[in-house]
Amino acid sequence: MTEELFREDARLLQCEATVVGSGEQGVVLDRTVFYPLGGGQAGDAGVLVLADGRQVAVADTRKGAQPGEIAHVLAQPADQALLTPGLRVTARIDPARRQAHMRFHTATHLLCALVPHPVDGCSITAGYARLDFHMNEPLDKAALSAGIARLVAEAHPVRHRWISEAELDANPQLVRSMSVQPPRGLGRVRVLEIEGVDLQPCGGTHVANTSEIGQVIVTKIEKKSAMTRRVVLGFAGPA
Ligand SMILES: [Zn+2]
């Protein structure tokens with residue numbers, strides 16, 4: 001099991017950790033600030049800093065082969081030889097890439113609040129985010145951009161908490177996404193609340209207040225199928 005420090009504090013940019021394994025899929029640490037690809041959100045990139053100051057580049061982060069394991073995918077697979085089990089490293093994420101993920105990810109929650117239809121697909125990267133809604137009504141690009149700008153300007157606090165699976169079962173309306181069901185079997189589920197706006201199970205990383213999303217607009221609306229409308233978000237203006 002890798003201790004997932006990013007679940008409790010998305011603002012942590014680095015941590016001390018010990019290498020516990022290293023294989024084709026990547027390097028596994030005992031704890032990490034690197035978010036692995038999942039729930040639609042891209043994995044983190046960054047570096048593992050060795051005791052002598054050398055930096056090993058991490059190109060991406062994925063869930064590992066074993067449940068609960070996180071694999072740091074090295075940019076140069078040959079660097080694996082440097083990372084033997086027991087070695088102490090500093091794991092440091094690329095802050096700009098993470099910040100973009102957090103801003104877009106939180107903006108997708110605002111979009112969920114503005115479009116009251118089930119979500120059947122989601123992708124969040126540093127360059128754009130997209131959300132697929134199960135619906136056939138038309139959507140208005142300018143109105144959605146204005147709605148996001150309003151919720152950003154209103155500066156709603158964003159926070160997570162853990163609820164029991166029984167509490168989730170008693171409130172099935174909390175699950176907005178048709179394609180991504182919250183992970184089961186752990187006894188508890190992480191929910192993300194944007195005060196007064198949105199509440200849903202989510203394990204991703206988010207900004208702490210909607211004001212930190214900044215200028216995010218709808219760049220495209222596509223009809224992907226008879227019952228799917230895809231909304232694409234992009235950054236506008238200075239970050
Ligand atoms: Zn989320």
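The values are calculated or read from the model by the stated rules, or taken from the named source; none is laboratory data. The structure presented is a predicted model; accordingly, all values stated were derived computationally and were not measured. Using ideal geometry, Cβ is built from the backbone for each residue, glycine included, and neighbour counts are taken over all protein chains shown. The accessibility values were calculated without ligands, DNA or RNA, using every heavy atom of the protein model including side chains. Shrake-Rupley method; radii C 1.70, N 1.55, O 1.52, S 1.80 Å.
Just a few scattered comments:
- Scanning the stretch 26-47 for residues that are over 20 Å from Arg88 (Cα atoms), open to solvent by 20 Å² or more (accessible area, probe 1.4 Å) and free of Cβ contacts under 8 Å to residues at least 40 places away in the same chain gives a single hit, Leu37.
- Search result, residues across the stretch 95-111 that are within 16 Å of the ligand (Cβ to nearest atom) and open to solvent by 40 Å² or more (accessible area, probe 1.4 Å): Gln99
- Some residue of the stretch 82-98 being hydrophobic (A, V, I, L, M, F, W, C), closer than 23 Å to Gly196 by Cβ and within 21 Å of the chain's Cα centre (by Cα): no
- Selected residue [away from the ligand (no atom under 16 Å from the Cβ), crowded, with 19+ Cβ neighbours inside 10 Å and assigned to a strand (DSSP E or B)] from Val189, Val218: Val218
- Any hit, the stretch 48-58, residues being within 15 Å of the ligand (Cβ to nearest atom), open to solvent by 30 Å² or more (accessible area, probe 1.4 Å) and not polar (S, T, N, Q): no
- Listed conditions (1) open to solvent by 60 Å² or more (accessible area, probe 1.4 Å); (2) at pLDDT 90 or above; (3) not in a strand (DSSP E or B) are all met by Trp162, apart from (3).
- For the stretch 127-156, the tally of residues that are closer than 28 Å to Arg7 by Cα, of a type outside the set (Gly, Ala, Ser) and open to solvent by 40 Å² or more (accessible area, probe 1.4 Å) stands at 4.
- Checking Thr210 against (1) away from the ligand (no atom under 16 Å from the Cβ); (2) buried (at least 17 other Cβ atoms within 10 Å of the Cβ), the condition it does not meet: (1)
- Leading residue by the ranking (surrounded by the most Cβ atoms within 10 Å (Cβ to Cβ)) among those in the stretch 112-126 that are out of contact with any Gly (no Cβ under 8 Å at 6 or more places or on another chain) and over 19 Å from Ser225 (Cβ atoms): Cys112
- Residue check: Asp52 meets all listed conditions (1) of a type in the set (D, E, K, R); (2) assigned to a loop (DSSP other than H, G, I, E, B); (3) within 19 Å of the chain's Cα centre (by Cα) but one, namely (3).
- Gly204 meets the stated requirement of being touching a strand residue (DSSP E or B) at 6+ places or on another chain (Cβ under 8 Å), within 16 Å of the ligand (Cβ to nearest atom) and in contact (Cβ under 8 Å) with a residue 12 or more places away in the chain.
- Evaluating His206 against the criteria (1) touching a His at 6+ places or on another chain (Cβ under 6 Å); (2) on the phi > 0 side of the Ramachandran plot leaves one unmet condition, (2).
- Subset of the stretch 11-25 [modelled with pLDDT of 95 or more and open to solvent by less than 20 Å² (accessible area, probe 1.4 Å)]: Cys15, Ala17, Val19
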